[in-house]
1. Small (Gly, Ala, Ser), open to solvent by less than 10 Å² (accessible area, probe 1.4 Å) and touching a Ser or Thr at 6+ places or on another chain (Cβ under 8 Å): which single residue out of Ser354, Ser306 fits that description?
2. For the range 261-275, name all the residues that are more than 14 Å from the ligand (Cβ to nearest atom) and on the phi < 0 side of the Ramachandran plot.
3. So which of Pro327, Pro342 is in contact with a Phe, Trp or Tyr (Cβ under 9 Å, 6 or more places away or on another chain), buried (at least 18 other Cβ atoms within 10 Å of the Cβ) and modelled with pLDDT under 95?
4. Inside the range 200-270, counting only strands (runs of 3 or more DSSP E) that do not spill past its ends, which hold 3 or more residues that are among the aliphatic types (A, V, I, L, M)?
5. List pairs: first in the range 146-162 and assigned to a helix (DSSP H, G or I), second of a type in the set (Val, Ile, Thr) and modelled with pLDDT of 95 or more, Cβ under 6 Å, 6+ apart or cross-chain?
6. Determine, yes or no, whether Glu125 is in contact with a helix residue (DSSP H, G or I) (Cβ under 8 Å, 6 or more places away or on another chain), open to solvent by 10 Å² or more (accessible area, probe 1.4 Å) and of a type outside the set (Lys, Arg).
7. Go through (1) open to solvent by less than 10 Å² (accessible area, probe 1.4 Å); (2) outside any helix (DSSP H, G or I); (3) more than 13 Å from the ligand (Cβ to nearest atom); (4) over 19 Å from Val102 (Cβ atoms) and name the single condition Gly278 misses.
Amino acid sequence: MSIEDKEKEFSVFESMAARYDVAVRKLGLDEGLSHYLRTPNREITVHIPVAMDDRTLRVFDGFRVQHSIARGPCKGGLRYAPNVTLDEIRGLAAEMTWKCAVVNIPFGGAKGGVVCDPAKLSLGELERITRRYTAEILDYIGPERDVPAPDMNTNEQTMAWIMDTYSMHVRHTVTASVTGKPLDLGGSAGRREATGRGCMITVDEALKRFAGKRDSTRVIVQGFGNVGSQAARLMHESGYKIIGVADISGGLFNTSGINIPRLLMYVEKQKTLQGFDGGEAIGTQEILEQECDVLLPAATESVITSKNAHKVKARILVEGANSPTTPPADDILFDRGVFVVPDILANAGGVTVSYFEWVQDRQGYFWAEDTVNARLKQIMVSAFDSVVSFSEKHRVNNRIAAYMLAIDRVAFAIKLRGIYA
Ligand code: NAD
């Protein structure tokens, strides 16, 4: 089954809401509060006029959804893709609230998106889209309000443009207005690797439960962008055997292990995995069904569904991507005894080091990479332990446990604050 053929059995928002509803029932949260927490605080839609290189004028649709400010300013990525929808951004914004609460950092959730195809845009066009998008939502963002970060098809350069646009409007440099910036502009050491590193930390913790060893653990990674390539690199360096990788152009499979450093050099030059001689070609979806110990989907949403969950052979599934598994697939994986580290825990390393970056920018004092990595590890291990204990205590799967832990924390903050009227 190709990605294109895949039926969307649940949208990102529906997936989030289905899990939310189960968790809220288990927690016995009162109906009014439950409704409040399911609904975003604010949804902004903007229409961005952009002068294209060929002197035509085009209008791009953009969104920013701010789900919650109960525990602090909103925090969340910005993605550029042709198929971005408000519904998807709404679901991802809520997931950010739960993610920040799982790792217990003082943010609420937000997400942004612009409907565009970056592959068909020049750097200048991307810069103008980014700057005008920022100008349109300027009143609603900032270090104390909502702090964007990179996500699919956005990067350090995008964040530098947002930071500059914001700073020009407020008439002074505000590095804490975004995270995931270049190091020379107030970025944090370790941020680029943080999501992949966080994934590896959760794999390490999951492995301990099965008395597994790194060097006898076979890993497949779908997605070779920021999250997937860094996770593959760090895991390769730590002794794991990466036997499969895939990007949008296709996959590579090699049971003897793929030479990740050589592959990284190849991708740096070719911008694709295709044509690399260190493995057999395989489909981007087929790779999910191969024999392995750890499967790390780190590409996009809804790739594991009721159609293929029964074919997943991994013992441990670590969700580097946001929402890669649909709720019907959750049930199948649970019945088959797959140990799932859900997205709001597995990929929370990115937002955790974004939090460190925000703190460092506001302090004007920057930490060494070892300090960042040690603090990241401490937070990830503690969150992993809390989620697994919650799951054992309440006899629910890890995902529902993570939702319960997060919703409980956010609901408690709201009860303490009260409802302003
Ligand atoms: P990216 O744009 O850097 O990379 C995406 C990768 O996935 C690319 O290799 C691309 O070719 C591949 N891909 C896209 N669609 C695919 C498909 N249908 N099949 C196979 N491969 C496909 O994005 P990223 O920043 O690495 O983000 C990946 C996922 O991780 C997203 O779900 C994102 O929301 C999530 N995430 C990212 C971060 C972060 O810090 N970047 C943090 C948390 C979660």
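The values are calculated or read from the model by the stated rules, or taken from the named source; none is laboratory data. These figures come from a predicted structure and were not determined experimentally. We place every Cβ from the backbone using ideal geometry, glycine too, and count neighbours over all the protein chains shown. Surface accessibility is based on the protein's heavy atoms, side chains included, excluding ligands, DNA and RNA. Shrake-Rupley method; radii C 1.70, N 1.55, O 1.52, S 1.80 Å.
1. Checking each option against the conditions leaves just Ser354.
2. Pro261, Arg262, Met265, Lys269
3. Residue meeting the stated conditions: Pro327.
4. Counting at least 3 such residues, we get 218-222, 241-247.
5. Within 6 Å, the pairs are Thr158/Thr130; Met159/Val178; Trp161/Thr130; Ile162/Thr134; Ile162/Val178.
6. Against the criterion (in contact with a helix residue (DSSP H, G or I) (Cβ under 8 Å, 6 or more places away or on another chain), open to solvent by 10 Å² or more (accessible area, probe 1.4 Å) and of a type outside the set (Lys, Arg)), Glu125 does not qualify.
7. Single failed check for Gly278: (1).
Every residue, every condition in (1) among the basic types (Lys, Arg); (2) open to solvent by 60 Å² or more (accessible area, probe 1.4 Å); (3) modelled with pLDDT of 95 or more; (4) more than 30 Å from Ala383 (Cβ to Cβ), yes or no:
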site	(1), (2), (3), (4)
His35	no, yes, yes, no
Arg58	yes, yes, yes, yes
Val65	no, no, yes, no
Gly77	no, no, yes, no
